[in-house]
Amino acid sequence: ELKLISGEKKLPNHFEIMPQDISLFDGSLRENIILNKEFEGRRYIEAVRASSLEEELNSLEDGDETYLDTKESSFKESFLRKIVLARILYSKSEFYFFDEPFYNLSSSEVSHVFNEGLLKLLQGSNRIIVTEKLEIAALCDHIVVMKEGMIVEQGSHKSLNEKAAGRF
């Protein structure tokens with residue numbers, strides 16, 4: 001919750017949020033990705049590839065038509081997280097908020113999702129990424145360091161490193 005101290009608050013018309021706790025529903029993997037939006041084949045393939053999901057979907061007998069039963073799912077959490085990442089990357093929005101999107105992903109998957117998804121596919125949009133992965137924060141334009149819910153530092157990776165003698 002943010003309290004407005006001065007000025008005015010404006011919210012974008014369209015925004016997507018990826019919470020830390022993933023949320024899926026009973027239905028096909030494709031339905032979980034497109035989430036009641038019109039299917040756009042090219043955008044869908046780009047989102048699946050950018051989320052490091054293509055190989056895993058292709059290994060399933062029914063591919064993206066595989067039914068997901070949220071109560072009895074045998075899929076790994078990292079796979080389910082990539083489904084949600086693909087959902088966010090598939091959507092068209094002005095603003096994206098990611099809360100620990102790389103949790104339980106391998107370092108190669110993190111690098112791929114960050115570069116191909118968040119940087120390339122969402123290029124030109126506003127993106128806020130909450131992460132404890134310093135290697136990802138180092139690649140961001142602006143970093144906000146928080147402690148106990150308060151902003152304690154902010155700036156570029158270079159300026160924060162200079163202030164903190166290389167801690168960042």
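The values are calculated or read from the model by the stated rules, or taken from the named source; none is laboratory data. As the structure is a computational prediction, the values presented were derived from the model and not from experiment. For neighbour counting, all protein chains shown are included, and Cβ atoms are generated from backbone atoms with ideal geometry for every residue, glycine included. Accessible surface is based on the protein model in full, side chains and every heavy atom, while ligands, DNA and RNA are left aside. Shrake-Rupley method; radii C 1.70, N 1.55, O 1.52, S 1.80 Å.
Calculate the FRET efficiency for GLU135 and GLU55 from the Cβ-Cβ distance with a Förster distance of 25 Å, rounded to the nearest 0.05. Don't jump to the answer; show the numbers that get you there.
Numbers: r = 23 Å, r/R0 = 0.93.
Efficiency for this residue pair is about 0.60.
How big is the antiparallel share of DSSP beta bridges in the chain, given as a percent to the nearest 5?
Working: 7 of 16 bridges.
Taking every DSSP beta bridge within the chain, about 45 percent pair in antiparallel fashion.
Which of the peptides 77-83, 48-54 is most tightly packed, and how do the rest follow, judged by the mean count of other Cβ atoms within 10 Å per residue?
On the way: 77-83: 19.9, 48-54: 22.4.
By packing density, highest mean first, the sequence is 48-54, 77-83.
Spin-label point model (7 Å from Cα, Cβ direction): what's the GLN20 to THR70 distance in nm?
2.0
Note the angle between two axes, namely the Cα long axis of helix 77-90 and the longest principal axis of the Cα atoms of the chain, as a number of degrees from 0 to 90, rounded to the nearest 10.
Its long axis makes an angle of about 80 degrees.
What is the helix-to-structure angle for 41-50, meaning the angle in degrees between its Cα long axis and the longest Cα principal axis of the chain, kept from 0 to 90 and rounded to the nearest 10?
Its long axis makes an angle of about 60 degrees.
Size of the dipole of the chain about the Cα centre, Lys and Arg at +1 and Asp and Glu at -1 on the beta carbon, nothing else charged, in debye to 20? All intermediate terms of the calculation are to be shown ahead of the outcome.
Working: 21 positive and 30 negative charges, 169 e Å.
Roughly 820 debye, rounded to the nearest 20.
What distance in nm lies between label points placed 7 Å from Cα along the C-beta direction at ALA164 and SER108?
Result for the modelled spin labels: 3.0 nm.
On alpha-carbon atoms, Rg over Rh for the stretch 1-79 using Kirkwood Rh? Let's see the in-between values first.
Numbers: Rg = 16.7 Å, Rh = 15.2 Å.
Using only Cα positions, Rg/Rh for the stretch 1-79 is 1.10.
Per DSSP H run of n ≥ 4, the term is -39500 (n - 2.57); total these for the chain, divide by its residue number, and report the mean residue ellipticity at 222 nm rounded to 500 deg cm²/dmol.
Numbers: 7 runs with 53 residues, N = 168.
Per the formula, -8000 deg cm²/dmol.
With r as the distance between the Cβ atoms of LEU119 and VAL152 and R0 = 25 Å, compute the FRET efficiency 1/(1 + (r/R0)^6) and round to 0.05. Mind showing how you got there, number by number?
Working: r = 26 Å, r/R0 = 1.06.
For R0 = 25 Å, the calculated efficiency reads 0.40.
Packing-wise, with mean Cβ within 10 Å as the measure, how do 136-146, 91-101 rank, highest first? Display every interim value, and only then the final one.
Details: 136-146: 14.5, 91-101: 17.8.
So the order, starting with the most tightly packed, is 91-101, 136-146.
Would you please put 127-134, 110-117 in order of how densely packed they are, using the mean number of other Cβ atoms within 10 angstrom per residue and starting with the highest? Could you put the intermediate results ahead of the total?
Values: 127-134: 15.2, 110-117: 19.2.
Going from most to least packed, we get 110-117, 127-134.
Share of Cα-Cα pairs in the chain beyond 29 Å, in percent?
Values: 3621 of 14028 pairs.
Result: 26 percent of Cα pairs exceed 29 Å.
Would you kindly give the portion of the calculated P(r) for the stretch 71-133 that falls above 13 Å, as a percent of all Cα pairs?
Of all Cα-Cα pairs in the stretch 71-133, 63 percent lie more than 13 Å apart.
Among SER59, VAL84, ALA137, whose Cα sits farthest toward the positive end of the charge dipole of the chain (+1 at Cβ of Lys/Arg, -1 at Cβ of Asp/Glu, about the Cα centre)?
It is ALA137, whose Cα lies furthest towards the positive end.
Keeping all protein chains in place, calculate the accessible area per residue for the stretch 26-76 (probe 1.4 angstrom), answer in Å². Don't skip to the answer; put the middle values down first.
Details: 3410 Å² over 51 residues.
That works out to 67 Å² for each residue.
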